[in-house]
Amino acid sequence: MANLKRGSLHWRRQHLAALALIPLILVFIGLLPVLATADHEAVVGLMGTVIVPVFLAALLGVGLWHMKLGLETIIDDYAGRGSCGSALRVLVATASVALAAVAVVSLVMLVVG
């Protein structure tokens, strides 16, 4: 019964992340034409506002969380819960944290200029 509850919670988290990504991706698609035609100074100026860095941080955070949950599902389905599956889950968690750290540092560097 505990596995069913854990699986149900994991499924809910995946779908919550997917739902949160819908508006975030739509806003990002709206920003793409502005970002694609802007020079470096314009992008730094845009990042100087409050809303754009917060939006990008939310997009990165939810996107990485959704990625981690999806990879964990693949690991559970194909590698199982044995030592190989556990090692892969640790690898996915470590890679997710590393990607999030790189994303945060990059975002801070853009905001600070």
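All of the numbers you see were taken from the coordinates with simple rules; none came from a lab. From a predicted model like this one, the values you see are computed outputs, not experimental measurements. Methodologically, a virtual Cβ is constructed for each residue, glycine included, from the backbone with ideal geometry; neighbour enumeration extends over all protein chains shown.
Please identify the helices of the chain, taking whole runs of DSSP H, that span at least 30 Å along their own axis as judged from the Cα atoms and have a mean Kyte-Doolittle score of 0.0 or higher. Walk me through the numbers before you get to the answer.
On the way: long enough: 2-37 (52 Å, 0.96); 51-78 (40 Å, 1.21); 83-112 (43 Å, 2.17).
Membrane-span-like by this criterion, though nothing is claimed about a membrane: 2-37, 51-78, 83-112.
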Per the charge dipole of region 2-112 (beta-carbon charges, Lys/Arg positive, Asp/Glu negative, Cα centre), the residue among Met67, Thr49, Val108 reaching farthest to the positive end is Met67
Determine which residues of region 82-113 fall in the zone a paramagnetic label at His40 would reach in this model, i.e. backbone nitrogen under 18 Å from the point 7 Å along Cα→Cβ.
106-113
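Taking R0 as 30 Å, what's the FRET efficiency between Val105 and Leu19 from their Cβ-Cβ distance, rounded to 0.05? Each step should come with its number before you reach the end.
Values: r = 28 Å, r/R0 = 0.94.
Once rounded, the FRET efficiency stands at 0.60.
For the chain, what does -39500 (n - 2.57) per DSSP helix run (n ≥ 4), summed and divided by total residues, give at 222 nm, in deg cm²/dmol to the nearest 500? Before the final figure, lay out each step's value.
Working: 4 runs with 102 residues, N = 113.
Computed mean residue ellipticity for the chain: -32000 deg cm²/dmol.
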Among Gly7, Ile25, Ala95, whose Cα projects farthest towards the positive end of the dipole of the chain, with charges put on the beta-carbon of Lys, Arg (+1) and Asp, Glu (-1)?
Gly7
Please report Rg (one decimal) and Dmax (integer) in Å for the Cα set of region 2-112.
17.2, 53
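Mind ordering 68-75, 26-33 by average Cβ neighbours within 10 Å, highest first? Present the calculation step by step, with values, prior to reporting the outcome.
Numbers: 68-75: 16.8, 26-33: 11.8.
Sorting 68-75, 26-33 by mean packing, highest first, produces 68-75, 26-33.
Using unit Cβ charges (K, R positive; D, E negative) and no other charged atoms, how large, in debye to the nearest 20, is the dipole of the chain about its Cα centre? Kindly include the intermediate steps, with their values, before the conclusion.
Values: 7 positive and 5 negative charges, 125 e Å.
Result for the chain is approximately 600 debye, rounded to the nearest 20.
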